[in-house]
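A quick write-up on the structure given underneath.
The values are calculated or read from the model by the stated rules, or taken from the named source; none is laboratory data. Remember, predicted model here, so these are calculated numbers, not experimental data. Virtual Cβ from ideal backbone geometry, glycine too; neighbours counted across all protein chains shown. Surface accessibility is based on the protein's heavy atoms, side chains included, excluding ligands, DNA and RNA. Shrake-Rupley method; radii C 1.70, N 1.55, O 1.52, S 1.80 Å.
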Amino acid sequence: MTCHDGFTLNDLVSYDRKHNEANGECNRDGADDNRSWNCGVEGQTDDPAVERLRNRQVKNYLTATLISLGVPMISMGDEVRRTQRGNNNAYCQDNETSSGSTGGWSAKHADVHRFVTLLNARRLLRDV
């Protein structure tokens, strides 16, 4: 659902449009067609209903990826909802935006990490 160029999985369900202002190119870089949906609120939110919906969307995408045939590709941090704050072209960011740091997300989204672990275990049983 995501790859190294573009939104993280968390950003795919959290942003309707790119936010690449920090790249110094006046937000002209990166794709404009992200096929994303912010679940009603652009960016981070404390709204529990929006967060539940985003969590469900992330799990749906992970399920589709991990139960499909072939080798799945999940970007580092997608299993804990890592964000680049809507930056879909973070190549020039030598900071936490592109560092791969989960920034405390792993504790906040432990349920998603557990879900991915269970999906991977199910995937291993596919041929049994």
log₁₀ of I(q)/I(0) at q = 0.15, 0.23, 0.25 Å⁻¹ - the stretch 5-78, Debye sum with one point per alpha carbon | -0.58, -1.09, -1.17
Cα-based Rg then Dmax for the chain, in Å, read 14.8, 53
For the stretch 1-77, which GluC sites (Glu not before Pro) are both in a DSSP coil and crowded by at most 14 other Cβ atoms within 10 Å?
-> GLU25, GLU42
Per residue accessible area in Å² of the chain, where ligands, DNA and RNA are left out and the probe is 1.4 Å | 59 Å²
Using a 1.4 Å probe on the protein chains only, how many percent of the accessible area of the chain belongs to carbon and sulfur?
-> 53 percent
Relative contact order of the stretch 19-85 (C-alpha contacts under 8 Å, at least 6 apart) in percent is 23 percent
Could you give the dipole magnitude of the chain about its Cα centre, charging the beta-carbon of Lys and Arg +1 and that of Asp and Glu -1, in debye to the nearest 20?
-> 660 debye
Using +1 at the Cβ of each Lys and Arg and -1 at the Cβ of each Asp and Glu in the chain, identify which of LEU9, LEU125, ALA22 lies farthest towards the dipole's positive end.
-> LEU125
Can you give the helix-only mean residue ellipticity at 222 nm for the chain, where every DSSP H stretch with n ≥ 4 adds -39500 (n - 2.57) and the sum goes over all residues, rounded to the nearest 500 deg cm²/dmol?
-> -10000 deg cm²/dmol
So, with +1 on the Cβ of K and R and -1 on the Cβ of D and E, and no other charges, what is the size of the charge dipole of the stretch 13-61 about its Cα centre, to the nearest 20 debye?
-> 340 debye
Distance from the stretch 1-19 to the stretch 21-96 (C-alpha centre basis), Å | 3 Å
Total charge dipole magnitude, the stretch 53-114, about the Cα centre, Cβ charges on Lys, Arg, Asp, Glu only, Debye to nearest 20 = 300 debye
The chain: most fluctuating residue of LEU12, LEU62, LEU118 per GNM, C-alpha cutoff 10 Å | LEU118
With unit charges on the beta carbon (Lys/Arg positive, Asp/Glu negative), name the residue among SER106, SER75, ALA64 whose Cα is farthest towards the positive pole of the charge dipole of the stretch 53-128.
-> ALA64
Cα-based radius of gyration of the stretch 22-65 once divided by 2.2 N^0.38 Å, which approximates compact folds | 1.47
Over all directions, what mean area does the Cα convex hull of the stretch 45-112 project, stated in square nanometres?
-> 5.3 nm²
